[in-house]
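To start, the structure under review is shown below, and the notes come after it.
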Amino acid sequence: MNKPHDIPSTPLSPTAVDSHSVMFITQRPELVMTEGLGSWLVDHNGKRYLDFLQGWAVNCLGHSNPGMIAAMNAQARKLINPSPAFYNEPMIRLSNLLTEQSCFNRVFFANSGAEANEGAIKLARKWGQLHKSGAHEIITFEHSFHGRTLATMSASGKPGWDTMFAPQVPGFLKAELNDLESVKKLIGPKTVAVMVEPVQGEGGVIPTTTAFMEGLRALTQEHKVLLIVDEVQAGCGRTGKLFAYQHYNIKPDIMTLGKGIGGGVPLAALLATESVSCFVPGDQGGTYNGNALMTAVGISVIEQLLAPGFLDEVVRKGELLSRELQTLATEFNLEGERGKGLLRALMLGKDVGPKLVEMARDQGPEGLLINSPRPNLLRFMPSLAVTDAEIAQMCGMLRGLLQQVH
């Protein structure tokens, strides 16, 4: 793999990694990733890895995308961060681009999906104060994932999170995904919104059904309740549409974006219709929010996703990956595969996911980076520009691992 940048660097010694100053928050292998290009990463030992993780669906255009680099370099020479007290040109351009391509009218930029979701919760509660006699409860779903702030952890349905940093932020009731009756039972006078992921990523790549999403929109409109779609993982081309809600015949009130919108840089967005956009000065802000450097990169990302034929190719490659995974499922008598576009899961039928992740990474001479959000399945989030050959190579590598495990 050619080096993506002409920046001199001092290579790390191919020995044990001294990471004592890095705060421990998760188990990490003794590897330091040093460069990346497209679907490939390289560590400090020079080993290559086929990356079907891509920063948890963050690097939607792969590593070291030339368009993103050009946008970043050009903007860095002009203006990086004028402060959110002023407009900047990329902020306005990206806002216009997002609203032109969606059903929303207003955009607030943030730095992470959790921050965008926190903003959506605040916006819904503010709207409830103004229009629903102080209604503040938000219905979310079991196994959902909305972020790691206290409020977004409380909104999430991830098992065990209700006690991790107790007490939780109150006001989040949990329904069952794709079960409209479970939502109906929870709607009451204090309900202000329903918040749903069109595809539950961390929950195991569980897509919502068309009937459920259309029924949910009708139900929320009937009760004058807002519909929030969390597209932090499923948005920005990941499912084959620019936005995942566009697979359904619905128009939500609020949408959140993260991960793919920045293609690897810290950028997220909260979008809302005009009638819901009720923040006043002092309600919402953030020192880095909407800065010129990040939004310039976001423009490059969205424009590349909107290039003629790009999203059609995501659909085609998603179908190819689906077929290849189903072939593996049949070959090894696994439960099957599921997903939407290039967000997919292979259901293993037994709790060998973490073991396969380690085996995939450590195999040689080239490793494979995959993910196991639940022990009985593997998740795949490749670059949206992944090639057919790379999909075939990944499935070939995975076949060898499954032969060892089974």
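Since every read-out is calculated from the coordinates, none of them should be taken as a lab result. Bear in mind the structure is a predicted one, so any value in this text is a computation, not a measurement. Neighbour counts are summed over all protein chains in view; Cβ atoms, including those assigned to glycine, are modelled from backbone coordinates with ideal geometry.
Listing His223, His143 from the residue with the fewest other Cβ atoms within 10 Å to the one with the most, what is the order? Working shown, then result.
Values: His223 15, His143 19.
The fewest-first ordering by Cβ neighbours comes to His223, His143.
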In degrees, nearest 10, the alpha-carbon axis of helix 353-362 is tilted away from the dominant principal axis of the alpha carbons of the chain by 50 degrees
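With both partners inside the chain, how many of the DSSP beta bridges are antiparallel, as a percent to the nearest 5? Walk me through the numbers before you get to the answer.
Details: 29 of 47 bridges.
Here the antiparallel bridges make up roughly 60 percent for the chain.
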Dipole check, the chain, charges on Cβ (K,R +1; D,E -1), about Cα centroid: among Asn376, Thr208, Ala70 the Cα furthest to the positive pole belongs to Thr208
Label model pair Asp362, Thr99: point-to-point distance (7 angstrom along the Cα→beta-carbon line) in nm is 5.3 nm
Rounded to the nearest 10, the angle in degrees between the Cα long axis of helix 388-405 and the longest principal axis of the Cα atoms of the chain comes to 80 degrees
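Of all DSSP beta bridges in the range 68-305, what percent run antiparallel (nearest 5)? Could the numbers behind the result be given before it?
Numbers: 11 of 26 bridges.
Approximately 40 percent, going by the DSSP bridge assignments.
Mind checking the range 204-278 for trypsin sites (Lys or Arg not before Pro) that DSSP puts in a loop (not H, G, I, E or B) and that have at most 16 other Cβ atoms within 10 Å?
Numbers: sites: Arg217, Lys224, Arg238, Lys241, Lys259; in loops: Lys224, Arg238, Lys241.
For trypsin sites (Lys or Arg not before Pro) across the range 204-278 that sit outside H, G, I, E and B with at most 16 neighbouring Cβ atoms in 10 Å, the list reads Lys224.
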In nm, the gap between the two label points placed 7 Å beyond Cα toward Cβ at Glu30 and Lys350 is 3.0 nm
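Mean residue ellipticity at 222 nm from the helices of the chain, using -39,500 (n - 2.57) per DSSP H segment of n ≥ 4 over the full residue count, to the nearest 500 deg cm²/dmol? Don't skip to the answer; put the middle values down first.
Working: 12 runs with 138 residues, N = 406.
About -10500 deg cm²/dmol.
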Reviewing [x] 27.2; [y] 22.7; [z] 20.6, the figure for mean projected area of the Cα convex hull in nm² actually calculated from this model sits under [z]
Length gained, Asn333-Arg148, 0.36 nm per residue minus C-alpha separation, equals 63.0 nm
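What trypsin sites (Lys or Arg not before Pro) in the range 298-406 are in a loop by DSSP, with at most 16 other Cβ atoms within 10 Å of the Cβ?
Numbers: sites: Arg316, Lys317, Arg323, Arg338, Lys340, Arg344, Lys350, Lys355, Arg361, Arg379, Arg399; in loops: Lys350.
Passing both the DSSP loop test and the Cβ count: Lys350.
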In degrees rounded to 10, the 0-90 angle between helix 292-305 Cα long axis and the longest Cα principal axis of the chain is 80 degrees
Here, chymotrypsin sites (Phe, Trp or Tyr not before Pro) of the range 113-200 satisfying both criteria (DSSP loop; at most 14 other Cβ within 10 Å) are Phe165
Amide H neighbours of Ser156 at under 5 Å, excluding residues fewer than 5 places away on the same chain, with H built from the backbone geometry, are His146
